[in-house]
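Engineer: Handing you this structure, nothing more for now.
The values are calculated or read from the model by the stated rules, or taken from the named source; none is laboratory data. Computed from a predicted model, the values in this text were never measured in an experiment. A quick note on method: Cβ atoms are made from the backbone with ideal geometry, for glycine too, and the neighbour counts reach across all protein chains shown.
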Amino acid sequence: MSKGYNNISNKMVANTIDEVIDILGDIIESSKKDESTIGYFAALYQKVTISVKDKLHTNYFDDDERMERLDVLFANRYLLAYYNYKQGKSITKSWGMAFQSSNNNGLIVLQHLLLGMNAHINLDLGIAASEISDRSSMDTLHSDFNKINEILGALVDEIQNDLSKIWPTLIKILKLANKVDDFFINFSMSIARDGAWKFANELVVEKEKNSKAHLITLRDDKISKFATSITVHKIMVRIIFFIVRIGERGKPSDKIKALERVIKNQTK
């Protein structure tokens, strides 16, 4: 495990954006060793974090210091969920769905990625945004909140292009099956962004800790149910995904490495 992080109750958390990148690297390497599909989202998320870091101090964000704090708080929700899951401890239902699905060998890579994005964007992002704000400062965060979502949204578009380079059958089959387009449209970044922002504002106005916890529980229930739309489909769609899955040759470690190669080329 990398050095320089706080170990709180055996949970690994980052203090800086560089530490987030390093810890994600640890998760990626551990996933390769364990042949775990969890490494797919970790590889993508490391790219997201590097993209945010590269835009700091370039006048892209309104407040760089606040944006780094948001990025670290946001990332720590994933990191803590990951380590708690590995230790058999309690985690949100949304992350439970994503991590438990790592044992489902029938899912394609893109489904694993979307499950992670569903938990992290639709649940974690709103919580993180509320934690660095109060009622008086929330409006000033909106612009940068949208900008971090612009980065995420651009990466969603790149995901399909990335994967089509690794497994050419993916795009060919998806183009032949218009119904599968609904699978991707349902995970609209604009819908995720607006829902996360609304959720963040609901949390900010709640003064009572118990009330906030209740709102998070309700949101988690809703997002975990939405995760089933990523994994459960009608027979025709299941057949299409099965064909795509056959085309995704190799072990999870091979696929993680393939994703890393494409991601590395894009970030040059």
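Engineer: Cβ-Cβ distance below 8 Å, separation of 6 or more or different chains: which pairs start in the stretch 89-118 with a residue that is over 27 Å from H214 (Cβ atoms) and end on one that is basic (K, R)?
Structural biologist: G106/R245; L107/R245; I108/R245; V109/K255
Engineer: In addition: Taking the conditions exactly as written (farther than 17 Å from H120 by Cβ and modelled with pLDDT of 95 or more), does K33 satisfy them or not?
Structural biologist: It is true that K33 is farther than 17 Å from H120 by Cβ and modelled with pLDDT of 95 or more.
Engineer: Can you tell me which residue among S130, S143, S101 is surrounded by 23 or more Cβ atoms within 10 Å (Cβ to Cβ), small (G, A, S) and assigned to a helix (DSSP H, G or I)?
Structural biologist: Answer to the check: S130.
Engineer: Can you confirm whether K264 is part of a helix (DSSP H, G or I), among the charged types (D, E, K, R) and at pLDDT 60 or above?
Structural biologist: yes
Engineer: Out of all the residues in the stretch 62-76, is one or more in a helix (DSSP H, G or I), within 25 Å of K251 (Cα to Cα) and not hydroxyl-bearing (S, T, Y)?
Structural biologist: no
Engineer: A further question on this structure: On the basis of being touching a strand residue (DSSP E or B) at 6+ places or on another chain (Cβ under 7 Å) and modelled with pLDDT of 95 or more, does L56 make the cut?
Structural biologist: no
Engineer: Another question, then. Can you list the helices (runs of 4 or more DSSP H) found entirely within the stretch 153-258 that contain at least 3 residues being modelled with pLDDT of 85 or more and more than 22 Å from T37 (Cα to Cα)?
Structural biologist: 189-205, 209-231
Engineer: Identify the single condition in (1) part of a helix (DSSP H, G or I); (2) crowded, with 18+ Cβ neighbours inside 10 Å that S51 does not satisfy, given that it satisfies every other one.
Structural biologist: Only one criterion in (1) part of a helix (DSSP H, G or I); (2) crowded, with 18+ Cβ neighbours inside 10 Å is unmet by S51, namely (2).
Engineer: Would you please list the contacts, defined by Cβ atoms under 8 Å and residues six or more apart or on different chains, that run from a residue in the stretch 21-50 that is in contact (Cβ under 8 Å) with a residue 60 or more places away in the chain to a residue that is surrounded by fewer than 22 Cβ atoms within 10 Å (Cβ to Cβ) and among the basic types (K, R)?
Structural biologist: Final answer for the pair search is K32/K257; E35/K251; G39/K32.
Engineer: Can you list residue pairs whose Cβ atoms sit under 6 Å apart, with the first residue in the stretch 196-221 being within 17 Å of H120 (Cβ to Cβ) and the second being among the basic types (K, R)? Count only pairs 6 or more apart in sequence or on different chains.
Structural biologist: The qualifying pairs are F199/R219; L203/K212; D220/K93.
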